[in-house]
1. Given (1) out of contact with any Asp or Glu (no Cβ under 9 Å at 6 or more places or on another chain); (2) of a type in the set (Asp, Glu); (3) open to solvent by less than 10 Å² (accessible area, probe 1.4 Å), identify the lone condition not met by residue 86.
2. Pairs please, first residue from segment 88-101 and on the phi > 0 side of the Ramachandran plot, second anywhere and crowded, with 20+ Cβ neighbours inside 10 Å and of a type outside the set (D, E, K, R), Cβ atoms under 8 Å, 6+ apart in sequence or on different chains.
3. Within segment 268-276, can one find any residue that is open to solvent by 60 Å² or more (accessible area, probe 1.4 Å), more than 22 Å from residue 194 (Cα to Cα) and part of a helix (DSSP H, G or I)?
4. Test residue 94 against the criterion of being crowded, with 24+ Cβ neighbours inside 10 Å and of a type in the set (S, T, N, Q), and give yes or no.
5. Can you run down the residue pairs with Cβ atoms below 6 Å, 6 or more apart or on separate chains, where the first is in segment 308-325 and over 20 Å from residue 236 (Cβ atoms) and the partner is aliphatic (A, V, I, L, M) and modelled with pLDDT under 85?
6. For residues that are touching a residue at least 24 places away in the same chain (Cβ under 8 Å), open to solvent by 30 Å² or more (accessible area, probe 1.4 Å) and assigned to a helix (DSSP H, G or I), scanning just segment 285-302, find the one that is nearest to residue 263 (Cα to Cα).
7. Being farther than 15 Å from residue 342 by Cα, assigned to a loop (DSSP other than H, G, I, E, B) and open to solvent by less than 10 Å² (accessible area, probe 1.4 Å) is the filter here; which residues of segment 214-235 pass it?
8. Here are the criteria: (1) closer than 23 Å to residue 165 by Cα; (2) surrounded by fewer than 24 Cβ atoms within 10 Å (Cβ to Cβ); (3) not hydroxyl-bearing (Ser, Thr, Tyr). Tell me which single one residue 421 does not satisfy.
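The values are calculated or read from the model by the stated rules, or taken from the named source; none is laboratory data. The structure presented is a predicted model; accordingly, all values stated were derived computationally and were not measured. Please note: Cβ atoms are built from the backbone with ideal geometry, for glycine as well, and neighbour counts cover all protein chains shown. Remember, those area values only see protein heavy atoms, side chains included, never the ligands or the DNA or RNA. Shrake-Rupley method; radii C 1.70, N 1.55, O 1.52, S 1.80 Å.
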Amino acid sequence: MAGASSVYMHLKSRVGLCNVTAAVTSSPSSSSAEAQIGSRVQLPEKTRNSRVLVLGGTGRVGGSTAIALSKLCPDLQILVGGRNREKGANMVATLGGNSEFSEVNIDNVKSLEAALKDVDLVVHAAGPFQQAEKCTVLEAALQTKTAYVDVCDDTAYSLRAKSFNSRALAANVPAITTGGIYPGVSNVMAAELVRAARSESKGKPERLRFYYYTAGTGGAGPTILATSFLLLGEEVVAFNKGEKIKLKPYSGMLTIDFGKGIGKKDVYLLNLPEVRSTHEVLGVPTVSARFGTSPFFWNWGMAAMTSLLPAELLRDRSKVQQMVDLFDPVVRRVDSIAGERVSMRVDLECSDGRNTVGLFSHKRLSVSVGNATAAFVLAILEGSTKPGVWFPEETEGVAIEARELLLERAAQGTFNFVMNKPSWMVETNPKELGLGIYV
């Protein structure tokens with residue numbers, strides 16, 4: 001595949017790469033409600049030695065990633081990285097014989113480098129990433145010349161990771177930061193909307209908006225709860241006509257239609273890394289991101305926390321962890337009722353009036369996030385990522401010709417997956433102007 005790095009040409013000769021053939025019932029450009037992938041994996045004998053270490057592999061996000069990888073590419077050797085041997089043993093039992101547990105302390109450089117020995121790719125899913133002072137896993141990956149993917153959802157961390165680009169180039173190591181579901185798949189959706197607009201329209205992309213909805217915590221556990229609280233302590237950075245603006249977190253409520261199976265939901269401003277990265281990489285002058293959850297009182301609670309609690313407290317990881325421990329039992333009980341549906345809507349407006357939407361909805365975030373992260377892992381293993389540290393929307397991170405397959409893999413199990421359609425085609429109650437014209 002175009003853009004293959006020489007380090008992965010070497011990897012191919014040493015352990016081989018999984019060759020995944022996917023039969024997809026809904027392509028990214030299709031309006032079909034289902035995007036199901038029936039994948040057949042054909043592996044040469046030598047590929048069975050390929051080793052992928054999933055840090056945070058005993059957690060919800062890392063565990064989901066390990067399961068997705070084992071299903072998509074069963075001959076991969078999956079190393080479940082974590083601190084808890086009992087949880088690690090349970091995950092290994094779930095994955096089967098082609099996996100093992102690796103005890104790793106991500107705060108200890110020697111522990112990391114030892115764990116990365118003879119590993120071909122590391123997935124960093126051991127969040128939260130907010131208020132982390134160093135990119136220890138990425139640094140260890142570069143030191144050991146190990147390919148890298150993280151599921152970072154923090155602006156400061158992602159920019160710090162990007163600062164290692166020259167080192168990754170020198171080490172000939174491909175790396176993707178913010179390679180999860182959102183950010184991650186949402187970035188690729190935005191990149192494809194912008195690419196299509198520039199190739200099919202005379203207008204210029206002017207406004208890009210990310211809208212996210214998750215029922216409860218999405219079944220993704222206390223780490224997601226901690227991430228949400230920590231984000232409430234950060235000023236929101238957005239862009240308006242090229243100018244950076246700062247806004248209050250969990251403000252600016254909008255009611256957004258996420259289409260069938262989700263409907264209309266209230267969403268609020270949050271400081272998310274895809275806002276800055278897509279503004280700079282894709283060259284769209286106005287960009288923002290909003291998130292909402294349910295039941296509705298969780299949104300009220302988040303807004304109240306932002307107003308009543310000092311920002312310093314919400315940026316303190318230890319104090320936030322104490323709050324998570326306090327709220328977690330209640331959140332889990334509510335989650336059992338609310339479910340864990342997730343939806344992403346990406347809207348692009350152009351100067352000539354062209355407005356297009358990408359929509360991605362799944363019944364289970366805890367499954368979908370694993371599919372999304374696994375899609376980025378396979379993109380790197382297949383050689384579509386060049387040496388360096390890249391955001392998902394950068395062509396060096398995911399080659400243009402690899403985006404469609406990545407989205408198809410990530411969209412496995414979605415009940416609504418649509419790309420490059422006008423909003424009225426995906427909304428539950430489109431507004432008719434008359435004569436069959438909708439907006």
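1. (3)
2. 96/70
3. Step one: filter segment 268-276 for residues open to solvent by 60 Å² or more (accessible area, probe 1.4 Å), giving 276.
Right, trim to more than 22 Å from residue 194 (Cα to Cα) and you get none.
Taking every residue of segment 268-276 in turn, none turns out to be open to solvent by 60 Å² or more (accessible area, probe 1.4 Å), more than 22 Å from residue 194 (Cα to Cα) and part of a helix (DSSP H, G or I).
4. Working: crowded, with 24+ Cβ neighbours inside 10 Å: no; of a type in the set (S, T, N, Q): yes.
So residue 94 does not fit the description; no.
5. What qualifies is 324/225; 324/226.
6. My answer is 296.
7. 232, 233
8. With (1) closer than 23 Å to residue 165 by Cα; (2) surrounded by fewer than 24 Cβ atoms within 10 Å (Cβ to Cβ); (3) not hydroxyl-bearing (Ser, Thr, Tyr) applied to residue 421, the lone miss is (1).
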